[in-house]
Amino acid sequence: MKPITKLAVATFAVIYLPLSVGAVPYQHPEISLNGIWDFHPKGGSTRHDIRVPSFWDAPQDYGYPAEWLHMQHGVYRKAFELPETMKGKQVFLRLESVSVIAQVFINGNQVGAEDSKGYLMLQLPYEIDITAHLKEAGENQIEVWAWGGKSMIHGSDSQDKLIEAEDFPPDTKIDGRFLFPFCVDHWDGRRGITGDVKVIAKPTVHVADVFVIPNLHKNGNPEDDEISIRLTVANHDLKSRKILVRNRAKQVKGESVKDFEPLTITLPPSSTMDLVIHNAGWPDAAYWWPHDPQLYLLETQLVEAGATVDLKTTRFGFREFYVKGDHYQLNGIRANLRGDAYEFSWHEGYRHGPSTAPVFSTKELIPKMQLELFKEYAALNHNMLRPHKASAFNGLYDLCDETGMMVLEEAPFWETWVRTDERSKPYYEAWVKRWVKERHNHPSIVAWIGANECWYGATGVIAVQAIRSMDTSRPSFHEDPWGPVHHDDLNEPYEGDEDCRHYTGGYPYKKLNTEDLYGVYRANPRKPTGEGESLFPEGFPLMDSEGKLTDKAAARGEFGHPNMISQGQWISAVCRMFRAMRYAGLSDARLYANWMYAFDPIAADIPLEWEDLTTPGIKPTVLHRPIINVFDQSLPRVRHAPGHEYYRNSFAPVAVFDKEGDRRDRIGVEPLVFGAKEALDRTLVIYNDEFTGGRDITVRWTASAHDPATMNSEELSSGEFTIPVPYGEKREQRITFALPETIPQWRWLHLTFTAAKAGRQLFSETNRLGALGAAPAPVITFDPPMIDLGKARDDTAKQWHTVRLVNRGGGAAVQWKIESPEGIRFKLTEGNLRGEQDLQFQIDPAKTPANSGEWIITASTQANATQLRIRLNP
């Protein structure tokens, strides 16, 4: 067959005529090649079973040989037959993701990736025309050679070891510099065929691509709203074809329908043609909003001699996200982005904080788990996510479209200057263009991020330019373009649409407990400002014997350190810094890998059995201490950690924050002490980051005396006010109150805020301001006071569980010790309690108390004692 020739036609005016769609839309038959493949490690003669998709360097998740963890390459083989429904059609092989590079052969013939020397590039979907190399009768052989490159050993301390050995083919390098995108994968892994594989048949004439581009003219006025459509139609026939092209847009949930003028084209043999519908007026389209994500389906129909030869349905949303001065706007309303890295690239051995804390790894990419985990992410009041390192699962973008979650779509390029140079430019450009083309119709994607921390090299600029060659309807930029040494300079020229920095407060958390909270972050007055990564939890910080925070940290993955702050204290400190980002007016405020600490892991290994390995998604054989559980009803679905509520409040769209209270350090500081009749003056910061519901926010505040021993509170003063806050902005309001002539002694002074709009309460938070008269006496307690571990399992004895020991009273440092019966082993049995501490323990099911099935553990100080009950059903 002759090679495809690309043609273009001029744009044309649009007249709306009815679209008569055939009774049965054309269906593209497909077969899944997911399942068990033959696998030859390092390309050798030894054959193993391997699951496709999976990660060969996650042997603990799939039962693969342990030595595969650091294997650099392997060969996959699979046989398949062409069904009758595909014969006579144009047949394509679809590979959703490989890493780091791969070559594909069909019946011994190499196919695909013509723009990258025949190598499929990392984490990209490829749809390869394999028609010319197929047998219509009998078996067809597919072979994939995959190279994974370098490997990282994650140590128990912060010193990780990079295994330098790699065996990329010689033609992938020039002067030792790798030509193709090779970025985070050398650090985190994810090697092999890591996405779904299937074979798809299409008619010889078909719609190859559709890009729907709304244009709201950046004014919020629907009267001048327009839409453009870019189409690519392919003819793989050896003769010319005369085709009628029709387009109709239908609202998914509603009655809105829009027809576009039909167009007749003549496709030469073996060619593609680009068509453009320019600026068709659409003044009554339903907008896509985070609170109301309206969607449309564009039906593109190809008709020949009165018969439908192809029908492609493209889902899109009518919305416009753009830069206006120093901020973003969505459909004419200011939009402030609040989120975290939505990242699932790590394996079990890769730790940030304690190894008993949550960690998101490749196992969480199971689609069924992702649906539930995404709900938890949204429930934390994130309105945006960043699929860092291209670690999203296939259905993520559809899910975001449907739920209104905004996405900053990021290319997985990182520190490329250390391994590439200008000669890699055409391959980075090819990567970016394929990436943008794959995702450009998702309304949830509001901006493109061309690179991450590609300091001092050309990659970031190359990527942004390539994005703009494909799509100018969204903002585009690259993150941390100059590196940390330039963080104090806002005057350097940069062509990106956002000034996005990383670790403005110092890496990884240098200003975690700063007294200059409102001086850490500042906004660029000329363009939207972003904090793309902040507060990286390598090892949790350590405190000294007096309960003060030090500049030292526990080793990465270490747990049970007697001086380490708790997971709850970490979340409290991190979110305090995030509140400072919001106060500074950052348009794009993100933490880095911190939302996981709003949860506790499920302390179990869950074995999995899969009935059908051909269905989409990865299918590991076991889940190690997952955060989300959708498989075992005897275990919790999810476990929220103590910091969950504070995290959720910090990201709340409608919120009231105590400016003076947030400025105060949260870890290791002596409490303020207030006296009778003392006047207090507070500044409240009220946020309205919604797109609907009105601007008037009613705030009620209550000051109360709280007894940590009884947990009872007594109201001392209260007030209420209503303040107008424009969408996307904040307002400050001072409140004053005086303590009564007689105040309860040995109590904490609490200040509670609620915020409501149109009668709906949207926010509530209680903060401790200090002590009344004097700090209360120490009161220690277990949180929770009772743990039910359910039924004993095969892995029960090896699991580590966590309970928090909390001092609800005063005292910066309180000595404690634990008495526990036989069968319970605590990592620490005594120590110096500074606010709160995570205590890890293991249990021996063989020593479960015979009568009650319950252990009683006692923790005591000189002031009081408390008990923990642990129940296990043997």
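Only one of the numbered conditions (1) touching a residue at least 60 places away in the same chain (Cβ under 8 Å); (2) surrounded by 13 or more Cβ atoms within 10 Å (Cβ to Cβ) is not met by Thr742, and that is (2). The condition of being touching a strand residue (DSSP E or B) at 6+ places or on another chain (Cβ under 8 Å), of a type outside the set (D, E, K, R) and either within 23 Å of Glu732 (Cβ to Cβ) or open to solvent by 40 Å² or more (accessible area, probe 1.4 Å) (or both) holds for only one of Ala709, Ala703, that being Ala703.
Of all the listed residues (Ala463, Ala392), the sole one being buried (at least 22 other Cβ atoms within 10 Å of the Cβ) and either modelled with pLDDT of 90 or more or assigned to a strand (DSSP E or B) (or both) is Ala463. Take the conditions (1) assigned to a loop (DSSP other than H, G, I, E, B); (2) open to solvent by 70 Å² or more (accessible area, probe 1.4 Å); Pro849 misses just one of them, which is (2). When both residues are 6+ apart or on different chains and their Cβ atoms are under 6 Å apart, which pairs have a first residue that lies in region 550-567 and is more than 19 Å from Gly643 (Cβ to Cβ) and among the basic types (Lys, Arg), and a second that is open to solvent by 40 Å² or more (accessible area, probe 1.4 Å) and modelled with pLDDT under 95? Correct list of pairs: Arg556/Ser158; Arg556/Arg351; Arg556/Glu538.
Quick one: would you say Gly835 is in contact with a Pro (Cβ under 8 Å, 6 or more places away or on another chain) and either loosely packed, with under 15 Cβ neighbours inside 10 Å or within 29 Å of Leu542 (Cα to Cα) (or both)? Taking the combined requirement at face value, the residue does not satisfy it.
Could you grab me the full set of residues in region 225-251 that are part of a loop (DSSP other than H, G, I, E, B), more than 42 Å from the chain's Cα centre (by Cα) and surrounded by 15 or more Cβ atoms within 10 Å (Cβ to Cβ)? Reasoning before the result, please.
First pass over region 225-251, keeping only residues part of a loop (DSSP other than H, G, I, E, B): 225, 236-240.
Filter again for more than 42 Å from the chain's Cα centre (by Cα), leaving 237-240.
Result: Asp237, single match.
Residue by residue, here is whether (1) at pLDDT below 95; (2) open to solvent by less than 10 Å² (accessible area, probe 1.4 Å); (3) within 25 Å of Arg386 (Cα to Cα) holds:
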position: Ile565; (1), (2), (3): no, yes, no
position: Asp600; (1), (2), (3): no, no, yes
position: Leu608; (1), (2), (3): no, no, no
position: Asp612; (1), (2), (3): no, no, no
position: Thr621; (1), (2), (3): no, no, no
position: Ser634; (1), (2), (3): yes, no, no
position: His640; (1), (2), (3): no, no, yes
position: Tyr646; (1), (2), (3): no, no, yes
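Please indicate, with yes or no, whether at least one residue in region 711-728 is touching a His at 6+ places or on another chain (Cβ under 6 Å) and over 24 Å from Val574 (Cβ atoms). Checked against the condition, which is being touching a His at 6+ places or on another chain (Cβ under 6 Å) and over 24 Å from Val574 (Cβ atoms), region 711-728 yields at least one hit.
Across region 655-673, the qualifying residues are those that are in a strand (DSSP E or B) and out of contact with any Ser or Thr (no Cβ under 9 Å at 6 or more places or on another chain), and the one among them that is surrounded by the most Cβ atoms within 10 Å (Cβ to Cβ) is Ala655.
Check Ala676, Ala652 and return the single one that is surrounded by fewer than 18 Cβ atoms within 10 Å (Cβ to Cβ), more than 30 Å from Ile36 (Cα to Cα) and among the hydrophobic types (A, V, I, L, M, F, W, C).
Numbers: Ala652 fails: surrounded by fewer than 18 Cβ atoms within 10 Å (Cβ to Cβ).
Exactly one of Ala676, Ala652 is surrounded by fewer than 18 Cβ atoms within 10 Å (Cβ to Cβ), more than 30 Å from Ile36 (Cα to Cα) and among the hydrophobic types (A, V, I, L, M, F, W, C), namely Ala676.
In summary, strands (runs of 3 or more DSSP E) completely within region 1-82 and bearing 1 or more residues that are modelled with pLDDT under 95 and open to solvent by 60 Å² or more (accessible area, probe 1.4 Å) occur at 5-8. Evaluated against (1) open to solvent by 30 Å² or more (accessible area, probe 1.4 Å); (2) under 18 Å from Asp795 (Cβ atoms); (3) modelled with pLDDT of 95 or more, Asn873 falls short on exactly one condition, (3).
Please state which one of Ile856, Ile818 is touching a residue at least 40 places away in the same chain (Cβ under 8 Å), of a type in the set (Val, Ile, Thr) and not in a helix (DSSP H, G or I).
On the way: Ile856 fails: touching a residue at least 40 places away in the same chain (Cβ under 8 Å).
So the residue among Ile856, Ile818 that is touching a residue at least 40 places away in the same chain (Cβ under 8 Å), of a type in the set (Val, Ile, Thr) and not in a helix (DSSP H, G or I) is Ile818.
Among the residues of region 323-337, those identified as open to solvent by 10 Å² or more (accessible area, probe 1.4 Å) and outside any loop (DSSP other than H, G, I, E, B) are Val323, Lys324, His327, Gln329, Ile333, Arg334. Taking (1) surrounded by fewer than 18 Cβ atoms within 10 Å (Cβ to Cβ); (2) under 30 Å from Arg639 (Cβ atoms) in turn, Ser361 satisfies each apart from (1).
Residues of region 252-275 being on the phi < 0 side of the Ramachandran plot and open to solvent by 30 Å² or more (accessible area, probe 1.4 Å), which ones?
Start the filter on region 252-275 by keeping residues that are on the phi < 0 side of the Ramachandran plot, which leaves 252-253, 255-269, 271-275.
Passing the criteria: Val252, Lys253, Glu255, Val257, Glu261, Pro262, Leu263, Thr264, Thr266, Pro268, Pro269, Asp274.
Within region 281-310, being part of a strand (DSSP E or B), crowded, with 21+ Cβ neighbours inside 10 Å and among the hydrophobic types (A, V, I, L, M, F, W, C) holds for Trp288, Leu298, Leu302.
The values are calculated or read from the model by the stated rules, or taken from the named source; none is laboratory data. What you see is a predicted model, and the numbers here were worked out from it, not measured in a lab. Cβ atoms come from the backbone with ideal geometry, glycine included; neighbour counts cover every protein chain shown. Ligands, DNA and RNA are excluded from the accessible area calculation, which covers all protein heavy atoms including side chains. Shrake-Rupley method; radii C 1.70, N 1.55, O 1.52, S 1.80 Å.
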